[in-house]
1. Using Cα pairs closer than 8 Å and at least 6 residues apart in sequence, work out the relative contact order for region B:257-371, in percent.
2. Considering the convex hull of the alpha carbon atoms of region A:5-154, report its projected area averaged over all viewing directions, in nm², one decimal.
3. What does the charge count near B:Gly338 come to, summing +1 for each Lys or Arg and -1 for each Asp or Glu among other residues with Cβ under 15 Å from its Cβ?
4. If I model a spin label at A:Asn140 and A:Ile156 as a point 7 Å from the Cα along the Cα→Cβ vector, what separation in nanometres do I get?
5. Once you've got the Cα coordinates, tell me which of A:Lys251/B:Lys136; A:Lys157/A:Lys223; A:Lys14/A:Lys337; A:Lys237/B:Lys74 are over 31 Å apart.
6. So if I place +1 on the C-beta of Lys and Arg and -1 on the C-beta of Asp and Glu, and nothing else carries charge, what would the dipole magnitude of chain A be about its Cα centre? I want it in debye, nearest 20.
7. What translational diffusion coefficient, in µm²/s and rounded to a whole number, does the Stokes-Einstein relation yield for region A:76-122 at 10 °C and a viscosity of 1.306 mPa s, taking the hydrodynamic radius as the Kirkwood radius over Cα pairs?
8. Could you give the spread of the C-alpha atoms of region A:308-397 along their three principal axes, from largest to smallest, in whole angstroms?
Protein chains: 2
Amino acid sequence: MSLGTTEYQKRIVKTKQRMVEKGIEVLLITDPANMNYLSGYDGWSFYVHQMLIVIDDEDQPIWIGRNQDTNGAKATSWLYHENLIPYPDDYVQSDTKHPMDFVADILKQIGQDKRAVGVEMDNYYFTAKCYEQLRKGLPNAEFKDATLLVNWIRLIKSDTEIQYMKRAATIVEKAMMDGIGMINEGVRECDVAAKIFHTQITGTKEFGGDYPAIVPLLPSGEKTSTPHLTWTDDRYKKGDSVILELAGCYKRYHSPLARTVNIGQPSERLQSLSGIVVEGLNACLDMIKPGIACEEIEETWRKTIHKSGIVKESRLGYAMGLNYPPDWGEHTASIRKGDKTILQPNMTFHLIPGIWLDQYGFEASEALRVTATGCETFASLPRQLVIKEGALETNFN
Amino acid sequence: MSLGTTEYQKRIVKTKQRMVEKGIEVLLITDPANMNYLSGYDGWSFYVHQMLIVIDDEDQPIWIGRNQDTNGAKATSWLYHENLIPYPDDYVQSDTKHPMDFVADILKQIGQDKRAVGVEMDNYYFTAKCYEQLRKGLPNAEFKDATLLVNWIRLIKSDTEIQYMKRAATIVEKAMMDGIGMINEGVRECDVAAKIFHTQITGTKEFGGDYPAIVPLLPSGEKTSTPHLTWTDDRYKKGDSVILELAGCYKRYHSPLARTVNIGQPSERLQSLSGIVVEGLNACLDMIKPGIACEEIEETWRKTIHKSGIVKESRLGYAMGLNYPPDWGEHTASIRKGDKTILQPNMTFHLIPGIWLDQYGFEASEALRVTATGCETFASLPRQLVIKEGALETNFN
């Protein structure tokens, strides 16, 4: 099960169609997920500037990266070796030379400096300085915003991509069960995180895991009032609740999942919140199908939980799949008011109705695929608050 | 052992001194490591736009972030709660609203919009779009480049920071030994990576580990010709060499380390390369002391290995310590030709003389602290190529 050159070439064709629609002739890709999507390139080198250049009338993209990463591009991408252009190491984190000066020089050398150049304006790996140096180096280019141009193509997955995400789901189910299985009074948070990491990476006997784009998020106790804390080396206390948000990852494709656990009997307010959130989540899963808009899912959620008086201010979910740190989300469609994206088969979302109140919170989520007639979740684990009593957990295994 | 408010206040004072030197009145910090350094804020929320604002005549910085992360800022930072300003969720990954529009509005409201505003132009988390929106929203501000302003302050560590890095070193020694101990013919790469992750996060009985800013890098076989590949689920073969580059992390402070292993008897060329690199590394460790320049270390390296005919094109090391993905390096001083930074006590570097040739490579590195009279490495493990014979490894344990 691997992605052949044909799949990459189809992606290039789709990218060029979008370029034509946007009036872009030369596309500069700095998002590592988009670089991987179009070239297969996979390495932890995105901490230095690097780029993939798609030119409207060239068959293959050009990869520009640090010299020592060129053999990595040879090993992982489908590109001809002559399309890999290394820059010397004195461009790395220097205050006198910038890698975008090198990129501008290459574009001049190959006669692409007077064209309509698309750049990913709001991508982590395209800094303000990158844009400033390119503008200085390419005074005759016309710059256009190409933010999310490739991300929107990624929205609908191929069957191979779905298979990757199913493998990621097998991993996340195991990791979630291992994490929940271990959480108990007196156990250190870091030991639970370590167990989860081990399962995420070792994967199954049939296939290994890749590193997820976000580490396990494990707020506990009062810190469940906020979603993005990681872990400490504190020990869990009786009565603590713990939110687990984590993903399985296979060949950079993710399947995220969130669940909430309580050590011992939960408060009434938390149990009530669990019921409300899971009811809302289930109502959404029942109505998701091709042809509806993302905002209709949010409407269903809102109407379902209305009677509880709880209002969720933040978005309910987002498109996800292939990615690198710091995010597994694709930054395209969001499940929220005003998002008119129409669902189509093989779109994949993380539906995550988390509620964070002043002193406590609850999360239960599902990663899902839109099917021909509805939707299916990638994982299948019970959604309600898990209650751990001593060494036993109820309503889970 | 924790950082008190006094240490944060000293950091703010130093930051304001640099601001005066650079003619900056309002400093916008988007680097998550710099945000943590000045405020203590720690959460995996840097995948959305967020910021710390240091104003020349205000005692405390202002934190601006996503609404749901405000409780995380309350839990982890030393800032007064009234200095935490949340933005609504419809600013998140939206094509109509940008978080920097919100930031510009706040700066106007508090009368800071007509001042000299410093921005971290070449930071991952300050995109081209961030700068464009700020310029639109603050037409009367004078923008100045504040890239690395805080990073340069981070270069010299306090005694508490050194203690954190020593704990990180205890973790990386264990993780390296566990990884090397497990590498053998027939073992899957992902299972070794999983074991390393487990040790990195579980830490020791006395203290747990934090997630390193870079995952374990584990190229094997011919892929040792390049440094930044991660792992696959392939099984190691007899004769394979494996490079391990990984860090221990404690409260976001890193201690990185690289070693190389061969399964069975190594080739003569690899054994020879190991000897050359370790000789060069040792020569550098012998001469590092306060008062010399970074480029002198590179000169020592170059002269020591000159006779071998091997030339290292890439830099020999870099300042490191506190950080978040995607890099544990601080992006300030580099150990390379032309870097005039003068060493001072409690500067900390990763000295990593990796050599990557066409079909093979070798890495041995040390994280080190400049002392009053010389330097000391954080970890203490043998540096030569580790030869694994069956279940036994020689010259290591």
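Read-outs throughout are calculated quantities, based only on the coordinates presented, and are distinct from any laboratory measurement. Fair warning: this is a prediction, and the values are worked out from it, not measured in the lab. Neighbour counts are summed over all protein chains in view; Cβ atoms, including those assigned to glycine, are modelled from backbone coordinates with ideal geometry.
1. Working: 202 pairs, mean separation 38.6, N = 115.
Computed over region B:257-371, the figure is 34 percent.
2. Details: hull surface 31.6 nm².
It is 7.9 nm².
3. Values: positive: A:Lys97, B:Arg302, B:Lys312, B:Arg315, B:Arg336, B:Lys337, B:Lys340; negative: A:Asp89, A:Asp90, A:Asp95, B:Glu295, B:Glu296, B:Glu298, B:Glu299, B:Glu313, B:Asp339.
Net charge around B:Gly338: -2.
4. The modelled label-to-label distance comes out at 3.9 nm.
5. On the way: A:Lys251/B:Lys136 40 Å; A:Lys157/A:Lys223 36 Å; A:Lys14/A:Lys337 29 Å; A:Lys237/B:Lys74 21 Å.
Over 31 Å apart, Cα to Cα: A:Lys251/B:Lys136; A:Lys157/A:Lys223.
6. Numbers: 44 positive and 53 negative charges, 112 e Å.
Magnitude of the dipole: close to 540 debye.
7. Values: Rh = 12.8 Å.
Using the Kirkwood radius from Cα pairs, D works out to 124 µm²/s.
8. Its Cα atoms span 45, 31, 30 Å along the three principal axes.
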